[in-house]
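First the structure, in the form of structure tokens, and then the observations on it.
All of the numbers you see were taken from the coordinates with simple rules; none came from a lab. This one's a predicted model, so the numbers in the text were calculated from it and none came from an experiment. Every residue, glycine among them, receives a Cβ derived from its backbone with ideal geometry; neighbour counts consider all protein chains shown.
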Amino acid sequence: MKRFKVRRILIEREAEKDSLSKKIIGKLPNIPIERAGSNELALRDDIEEMDKDSLRLIHYKGEFLKPCPGTRRYICCGYQILNVGINCPMECTYCFLQSYVNQPSLRLFTNLEDELNVIGEIIDNQPDRIFRIGTGEFTDSLALNYITGWTDFLLPFFSVRKNCILELKTKTSFIKDIIKSSYRKGIVAAWSLNTSRIIANEEGKTASLKERIISARECQKAGFVIAFHFDPLINYPGWENEYEEIVQLLERYIDPASIIWISIGSFRYMPELKWRILKRFPGTHIFNGEFVTGLDGKQRYFKPIRVKMYANLSERLKKWHDNLGIYLCMESDDVWEQSLGWSPKNSSALSNYLDNRVRMLMRT
Ligand code: SF4
């Protein structure tokens, strides 16, 4: 997989003094830089384009550590998001970030390193709580690491804290930087997985399925705990056999004993996102089939379809290994029961279940 190219850097005046801005500009010496205030940048936004070859260096004024927004009225896992930036250079047709039309470009928050102490205080002041933290909800954790050097300062920062883990979720094969780090404890290397057909047709510019699994194997061999996310499962003719092929690859390359969890979720989207996706990706097949409006207003596959897909995949995964920490992403109690044969019943019990996996595999 090749590194992504950056065409220009846009830097807000407030971001110029931040240490990460200086490092990023130092790593891209020949890229033109435009300087402007945040309002000026906003005025220049072309909201129809994602402008994914521009880096925007932004002094972030919000909170860096926030609970995952989850979704109303479904069981959520209690994850915390570390807001390192928004958008990524890859092109998944289903990416919900496309609905943030007023936030184009690859947006990097340059005061992150300078404000780690605030995050440290939050974590250290609650020593009995486990913080499961990830950077990969609003961007890809590793796609831009060669520019940002996130792993240089985030791995040592989180690894030494006993009550948290940092999960780096990616669709890339860019593992060189984490492998060269000397920090392992408390760090989870994670891959989103999908069938080769979905990767080829719906996940543009990402690593192939095999590249992702080989990267996971390399990280596992280097001593990292790993995780996988089958999300979004896409319903299409032949999905059973093609998701089965993923499990066969996992069986071939991965030691299941150091998998901390595997999440499963199905394709869902807010209705307004559909038209934006069709405009950017008119050839997409992700809207094939029928959808129903869920309790949170998102469109989802009908419940029997979701249950069938979850049950099929989870049964197959359990045949491989019976202790993989499988959980469903944003589903209801009855869908859990019908597809996995058990349910945590509520979000707090799911959090406890995942926290216990952290204690068992990483923080004992
Ligand atoms: S990798 Fe994630 S953040 Fe990047 S385009 Fe795909 S879904 Fe969006």
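Order by neighbour count: Lys169, Lys22, Lys2, fewest other Cβ atoms within 10 Å first, most last.
Neighbour counts put them in this order, fewest first: Lys2, Lys22, Lys169.
Along the charge dipole of the chain, Cβ charges K/R +1 and D/E -1, which of Thr170, Gly283, Ala15 sits furthest on the positive end?
Working it through, the farthest residue towards the positive pole turns out to be Thr170.
Taking the Cβ of Ala189 as the centre, find all other residues whose Cβ is under 15 Å away and add up their charges (Lys, Arg: +1; Asp, Glu: -1).
Surrounding charge for Ala189 is +4.
Using a ≥ b ≥ c from the Cα gyration tensor of the range 140-195 (square roots of the eigenvalues), is it rounded, prolate or oblate, where a/c under 1.5 gives rounded and otherwise the larger of a/b and b/c decides, a/b for prolate?
oblate
What number, rounded to the nearest 500 deg cm²/dmol, is the helix-based mean residue ellipticity at 222 nm of the chain, given -39500 (n - 2.57) per DSSP H run of at least four residues and division by all its residues?
So the helix-based figure for the chain works out to -10500 deg cm²/dmol.
For Ile326, list long-range residues whose amide hydrogen, built 1.01 Å from N in the peptide plane, is under 5 Å from its own amide hydrogen.
Residues meeting the amide H criterion: Ile262.
Evaluate the relative contact order of the range 40-190 (contact order divided by residue number), counting alpha-carbon pairs under 8 angstrom at least 6 apart; express in whole percent.
Rounded, it is 23 percent for the range 40-190.
How high is the relative contact order of the range 212-364, given as a whole-number percent (alpha carbon pairs under 8 Å, six or more residues apart)?
Dividing the mean separation by the residue count of the range 212-364 yields 26 percent.
Within 10 Å of each residue's Cβ, count the other Cβ atoms and sort Arg306, Arg217, Arg359 from fewest upward.
Arg359, Arg217, Arg306
When the Cα centres of the range 317-364 and the range 272-314 are compared, how far apart do they sit, in Å?
Cα centroid to Cα centroid, the span is 23 Å.
Can you tell me the relative contact order of the chain? Whole percent, Cα pairs under 8 Å, sequence separation 6 or more.
17 percent
Could you tell me which Cys residues in the chain have no other cysteine's Cβ under 4.7 Å from their own Cβ, answering none if every one has a partner?
Cysteines lacking a close Cβ partner in the chain: Cys68, Cys76, Cys77, Cys88, Cys164, Cys219, Cys329.
Using the Karplus curve 6.51 cos²θ - 1.76 cosθ + 1.60 with θ = phi - 60°, what ³J(HN,Hα) values do you get for each residue of the range 128-143, in whole Hz, with x for Gly and Pro?
Running phi through 6.51 cos²θ - 1.76 cosθ + 1.60 with θ = phi - 60° gives 8, 9, 8, 9, 9, 10, x, 9, x, 8, 10, 7, 9, 5, 10, 4 Hz.
Under the rule a/c < 1.5 gives rounded, and otherwise a/b versus b/c splits prolate from oblate, where does the range 75-139 land using the Cα gyration tensor?
oblate
In debye, nearest 20, what is the charge dipole magnitude of the chain about its Cα centre with +1 on Lys and Arg Cβ and -1 on Asp and Glu Cβ, if you could check?
Dipole magnitude for the chain comes out near 560 debye.
Search the structure for amide H atoms under 5 Å from the amide H of Gly85, placed 1.01 Å from N in the peptide plane, and list their residues when 5 or more places away or on another chain.
For Gly85, the qualifying residues are Phe109.
Assuming a ≥ b ≥ c are the square roots of the Cα gyration tensor eigenvalues, decide whether the range 177-256 counts as rounded (a/c under 1.5), prolate (otherwise, with a/b larger than b/c) or oblate.
prolate
Please order Trp150, Trp320 by the number of other Cβ within 10 Å, starting at the fewest.
If I rank by nearby Cβ atoms, fewest first, I get Trp320, Trp150.
If the reach is capped at under 20 angstrom between alpha carbons, list the aspartates and glutamates near Lys2, excluding any in the same chain fewer than eight residues apart.
Asp51, Asp53, Glu91, Asp140, Asp177, Glu202, Glu203, Glu211, Glu218
Evaluate the charge dipole of the range 319-364 about its Cα centre and quote only its size in Debye, nearest 20, assuming +1 on the Cβ of each Lys and Arg and -1 on the Cβ of each Asp and Glu.
320 debye
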